[in-house]
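The values are calculated or read from the model by the stated rules, or taken from the named source; none is laboratory data. Just so it is clear, the structure is predicted and the values come from calculations on it, not from any experiment. Cβ sites come from the backbone with ideal geometry, for glycine too, and all protein chains shown count toward neighbours. Calculation scope for accessible area: heavy atoms of the full protein, side chains included, ligands and nucleic acids excluded. Shrake-Rupley method; radii C 1.70, N 1.55, O 1.52, S 1.80 Å.
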Amino acid sequence: MASATQEPPAASGVEAPAARVLRAELGPQLRSVADFRGDLAITVERDAWVRAASLLRDHPQLDFKLFLDLCGVDQLDDDTDEGLRDRYEVVLHLYSVTHKHHVRLKTTAPEAAPDVPTLTGVYKGANWFEREAWDLYGIRFTGHPKLERLLTHDAFVGHPMRKDYPVGQRHVLKSPKVQLMDVPADSEHLLVNIGPSHPAMHGTFRVQALMDGETIAACEAEIGYMHRNFEKMAEVRTYWQIIPYTDRLNYCSSFMNGHGWALAVEKLLGIQAPPRAEAVRVILSEFSRIMDHIIAIGTNVVDLGAITPFFVMFRAREDIYELLDACCGARLTVSYVRIGGLAQDVPEDFEARCRRVMKSVQEVVDQADGLLTRNPIFTSRFKDVGAMGKDEALSWGWVGPCLRGSGVAYDVRKDHPYSGYEQYDFDVPVGTVGDCYDRYLVRMEEMRQSLRIIDQALRKLPSGPVIVDDKKVALPPKSEVYSNIEALMNHFKLVYDGILPPPGEVYGYTEGANGELGYYIVSRGAKHPWRVKVRPPCFNIYQAFPSMITGALLADAVAIIGGLNVIAGELDR
Amino acid sequence: MSGLSDHWAGLSPVAQQFWIAVLKVAVIFNVLLGLFSFMTYAERRLLAFMQFRLGPNRTGPFGVLQPIADGIKLFFKEEVIPEGANRWVFVAAPAVAVVAAFLSIAVVPYGGPGLFQIADLEVGILYLFAISSLGVYAIVMAGWAANNKFTMLGGLRSAAQMFSYELALGLSWVGLIMLAGSFRIQDIVTAQKGGLGLLNWFCVVQFPAFIVYLIAATAEVNRTPFDLPEAETELVAGFHTEYSSMRFALLQMAEYVNMITVAAVGTSLFLGGWLSPLPLLPDSPLWFFVKFGLLLFFFIWLRGTLPRFRYDQLMHFGWKVLVPVATLWILVTAGLVTAGVPGFRR
């Protein structure tokens with residue numbers, strides 16, 4: 001139980017303040033309160049959905065200001081009538097940065113009329129999430145300002161995440177949506193497509209901007225070009241088969257995605273990886289974070305026309321790739337993590353290699369710092385550009401360096417330590433105004449802090465196995481499989497049956513490079529998860545982008561998007 | 001050989017002048033072409049070294065034949081004229097760009113009066129000013145004719161940018177004209193001759209004007225940090241997005257030749273042209289090329305160091321900083337010249 005152990009004991013379980021307050025306020029409209037692996041889940045009636053969310057947000061004892069995630073779940077059950085009555089679940093995840101607690105709020109909708117009132121009036125971030133739930137599950141959110149398809153093509157037929165939608169079904173959809181917004185016929189403004197393939201768009205996504213000279217008068221974003229429905233694929237894979245898919249989420253720091261996934265599944269299973277595996281995970285996660293920040297800063301300044309810092313910083317990224325290569329043989333999509341540990345032990349000269357890479361990172365961070373931080377052209381491009389206030393950032397569901405840039409010191413590693421982060425001493429940098437410059441400074445400082453963590457983890461690196469000794473979770477070593485009948489049988493059983501977790505649902509979350517990366521797993525006890533929902537940090541972050549650049553200059557839009565570090569693989573899943 | 005010299009002697013002085021001019025144009029034109037291709041190579045290599053890369057190093061020794069390979073490749077590329085483009089303007093724009101770029105080099109002196117200059121015009125500086133304004137037409141034409149929104153934005157940006165910075169560029173020369181008392185560039189170079197060597201150069205005497213010139217010249221040739229017209233991350237490739245093959249090469253050539261021109265002009269006007277930096281050493285065209293090379297390096301160095309301005313910052317900087325500074329400095333120079341301060345005496 002990686003992250004569950006850190007829940008404050010006084011406020012946990014069904015007597016947690018959130019449950020108490022909702023029970024008192026909603027009375028019979030509160031259907032049930034559950035606590036599984038330390039996750040508090042509250043189910044309310046549909047009529048009380050908006051009221052419950054508002055209460056959670058505004059009640060001083062609860063203060064769930066940070067919108068994390070909203071998703072649909074299809075609980076289709078052919079055997080019972082009840083399955084049809086409560087077929088669709090809408091699941092909301094919230095967090096309170098003041099009280100440091102999570103909550104999961106659920107409601108259900110029948111198959112015949114899957115209507116749920118919208119939460120867009122409560123949380124800004126709910127907008128795209130509800131569109132996604134409509135798109136993938138066909139849940140109608142009444143009152144939503146623009147309930148259109150988000151991830152799939154607008155001519156797509158059906159709702160792909162429904163359990164009765166065949167996994168292998170294909171659509172060929174070619175014609176793009178030409179116009180994303182209405183432009184008055186007599187408008188003198190210029191409609192410009194920025195993306196899906198444009199040098200400033202890191203990945204394939206599209207912003208259509210109505211230009212008034214150099215100023216963006218209005219704009220609309222379109223995503224989904226990279227959508228491959230990872231979540232549907234996950235429903236027909238075993239738990240460890242999903243690991244390679246997670247690499248493709250935020251491919252700039254793929255190790256961290258696998259780390260988060262493994263922790264979420266371990267939380268569901270109620271096991272913990274051995275200390276050595278956890279320490280190596282921390283080290284490689286921190287290197288991945290550095291790598292991701294290098295890409296964020298490097299490409300951001302390339303967008304501003306400064307090409308040298310990019311090359312300076314990418315040298316260190318190359319060194320980190322070599323380190324990963326030495327550990328697992330892959331550079332970009334590492335798939336190094338296993339449920340319950342790691343695929344194999346690190347090479348013998350691991351510490352020396354890490355020290356070399358650390359030195360190189362330190363060098364390039366200092367050099368980039370010298371080239372950029374006090375460069376007047378750079379600061380004039382970044383200061384007071386794309387400022388995002390604290391409350392607004394929370395309402396959009398911002399996390400990670402972007403949220404910290406806006407002045408909220410929320411870091412999962414600090415507030416809900418996992419994988420042994422509590423042993424390491426590090427600081428959480430925060431910004432003041434939340435502009436591009438603050439986000440840049442936060443990332444620069446986080447790289448230094450990551451080096452501190454790696455240094456401590458290397459000093460304490462324990463010896464021992466790197467995967468749990470549990471034949472229901474981890475494959476036995478190959479040498480035993482070939483020499484020992486019991487190991488062979490265990491191997492066979494595990495490959496054939498898969499890991500079988502108990503029924504239940506968990507929300508496992510880690511601090512990814514872009515912020516809280518969550519996996520919401522619904523298990524029915526089978527070898528395949530019933531539902532996997534990724535809570536992608538940059539989905540929330542990018543959602544705010546159109547409103548941030550309206551009224552800004554075109555060049556500012558370019559400066560802002562780089563600093564948000566939107567990764568299409570994670571955005572579109 | 002003797003036949004040729006007899007023939008030469010038999011020509012009238014006007015005809016002799018004509019043939020000399022033709023020869024000079026031919027030589028300098030070809031040297032410029034060579035220099036342009038060498039600059040593409042030098043820029044890529046130097047930038048690469050600044051960025052821990054190697055740059056092109058496979059074609060010929062140290063990769064020096066890379067520009068030739070690039071040229072051959074560009075010749076054989078398909079020329080695409082986008083649908084809906086204005087054909088004539090689209091085709092004419094690169095030609096205008098190149099012609100405008102090559103014309104201004106005519107008045108730059110590489111050495112003392114006589115052989116080392118194509119045209120020793122009485123109004124050389126005014127000529128430069130006039131010709132350098134032509135380049136913007138090419139960019140606006142290219143941006144507009146392609147019928148593409150990004151090229152149009154790029155064309156408009158550069159029109160605004162070049163108008164603004166041309167003003168500062170011209171103002172930075174006024175002080176020199178006052179000190180030299182002439183519009184002839186040859187006179188301005190010789191006016192920088194004195195007992196103190198490089199301390200007599202206008203880059204020292206007219207230091208603020210020199211800085212204004214460097215900044216305005218960088219903006220004039222659209223190089224980092226003023227490369228907004230082709231800011232690739234905002235405008236894809238700006239005004240030359242739709243160009244391909246040799247027309248693209250011509251636009252590139254125009255840019256490099258413009259850079260060569262502003263470096264050559266800067267060398268003549270501010271760095272003493274062909275004068276030697278130390279009083280003891282003889283003056284020679286060699287000095288010209290050393291200083292000229294340093295200025296070219298400076299432009300590449302800038303590109304390796306700085307990010308790009310934002311459009312509104314660029315306009316503010318041009319109109320609210322550069323133009324006032326240049327104007328103020330003209331007043332100061334005029335005052336000093338009138339008062340007869342040493343160093344400001346004609």
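Okay, here's what the table says:
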item: Reduction of at least 30 Å² in accessible surface, 1.4 Å probe, comparing all protein chains with the chain by itself, residues of the stretch A:192-217; result: A:Val192, A:His198, A:Pro199, A:Glu214
item: Value of D in µm² per second that Stokes-Einstein yields for chain A, Kirkwood Rh from Cα pairs, at 4 °C (1.567 mPa s); result: 53
item: For the protein assembly as shown, size of Cβ-based charge dipole, Lys and Arg +1, Asp and Glu -1, in debye; result: 1440
item: Threshold 20 Å², the stretch B:45-68 residues less accessible with all protein chains present than alone (1.4 Å probe); result: B:Gln51, B:Phe52, B:Arg53
item: Lys/Arg +1, Asp/Glu -1 at C-beta; the protein assembly as shown dipole; positive extreme among B:Pro94, A:Ser523, B:Gly155; result: B:Pro94
item: Shielding by other protein chains, A:56-66, mean Cβ within 10 Å; result: 0
item: Residue-normalised accessible area of chain B, given per residue in Å² at a 1.4 Å probe; result: 45
item: Loss of accessible area when B meets A, both sides summed, Å² nearest 100, probe 1.4 Å; result: 2700
item: Ranked packing of B:22-28, A:208-214, most packed first, by mean Cβ within 10 Å; result: A:208-214, B:22-28
item: Amide hydrogen neighbours beyond the local backbone of A:Met211, cut-off 5 Å, H modeled; result: A:Leu190, A:Leu191, A:Val192, A:Ala217
item: Inter-chain Cβ neighbour average for residues B:214-227, partner chain, 10 Å; result: 1
item: Rounded accessible area of B:Tyr41 (nearest 10 Å², 1.4 Å probe); result: 20
item: Residue-averaged [θ]222 nm for chain A, counting only DSSP H segments that reach four residues, each worth -39500 (n - 2.57); result: -12000 deg cm²/dmol
item: Formal net charge of residues neighbouring B:Glu122 (Cβ-Cβ distance under 14 Å; K, R +1; D, E -1); result: -1
item: Antiparallel content of DSSP bridges confined to chain A, in %, to 5; result: 90
item: For A:Glu363, solvent-accessible area (1.4 Å; no DNA, RNA or ligand), Å²; result: 90
item: Buried on assembly, the stretch B:300-326 (at least 10 Å² less accessible surface than by itself, 1.4 Å probe); result: B:Arg303, B:Gly304, B:Thr305, B:Leu306, B:Pro307, B:Arg308, B:Phe309, B:Arg310, B:Tyr311, B:Asp312, B:Gln313
item: Net dipole in debye of the stretch A:366-488 [+1 Lys, Arg Cβ; -1 Asp, Glu Cβ; about Cα centre; nearest 20]; result: 220
item: Solvent-accessible ranking of A:Lys533, A:Lys471, B:Lys149, largest area first, probe 1.4 Å; result: A:Lys471, B:Lys149, A:Lys533
item: Heavy atoms of A:Asp39 accessible to a 1.4 Å probe, total area in Å² rounded to 10; result: 20
item: Largest-first ordering by accessible area, 1.4 Å probe, given options A:Met548, A:Met489, A:Met313; result: A:Met489, A:Met548, A:Met313
item: Selected from A:Met548, A:Pro465, A:Ile560, residue furthest toward positive end of dipole (the stretch A:230-572; charges at beta carbon); result: A:Pro465
item: Per-residue [θ]222 nm for chain B (sum of -39500 (n - 2.57) over DSSP H runs n ≥ 4, rounded to 500); result: -21500 deg cm²/dmol
item: Reachable lysines from A:Lys146, criterion Cα separation under 28 angstrom, eight or more residues apart if same chain; result: A:Lys65, A:Lys106, A:Lys124, A:Lys163, A:Lys174, A:Lys177, A:Lys232, A:Lys390, A:Lys533
item: Residues of type lysines that B:Lys193 reaches as a straight line, Cα spacing below 24 Å, ignoring anything fewer than 8 places off in the same chain; result: B:Lys291
item: Å² per residue, accessible surface of the stretch A:205-307 at 1.4 Å; result: 20
item: Euclidean distance between Cα centres, the stretch A:141-189 to the stretch B:114-164, Å; result: 47
item: Simple Cβ-charge dipole of the stretch A:230-572, Lys/Arg +1 and Asp/Glu -1, about Cα centre, in debye nearest 20; result: 480
item: Packing rank of A:24-35, B:98-109, where each peptide gets the mean count of other beta carbons within 10 Å, highest leading; result: B:98-109, A:24-35
item: Average other protein chain Cβ within 10 Å of Cβ, residues A:297-308; result: 5
item: The stretch B:84-339: translational diffusion in µm²/s, Stokes-Einstein, Kirkwood Rh over Cα pairs, 25 °C, 0.890 mPa s; result: 131
item: Carbon and sulfur %, accessible surface of the stretch A:230-572 computed with the full protein complex present, 1.4 Å; result: 54
item: Cβ crowding within 10 Å averaged over residues, with B:63-69, A:88-94 ranked highest first; result: A:88-94, B:63-69
item: Sum of side-chain charges, B:Leu32 neighbourhood, beta-carbon under 15 Å (Lys, Arg +1; Asp, Glu -1); result: 0
item: Accessible area of the stretch A:439-479 divided out per residue, in Å², using a probe of 1.4 angstrom; result: 47
item: Cα gyration tensor shape for the stretch A:209-367, rounded if a/c is under 1.5, else prolate or oblate; result: oblate
item: Given charges at Cβ of Lys, Arg, Asp, Glu: the protein assembly as shown dipole, positive-most of B:Leu176, B:Leu251, A:Gln449; result: B:Leu176
item: Carbon plus sulfur fraction of accessible area for chain B, probe 1.4 Å, in percent; result: 73
item: Carbon + sulfur, % of accessible area of the stretch A:17-142 - ligands and nucleic acids excluded, 1.4 Å; result: 48
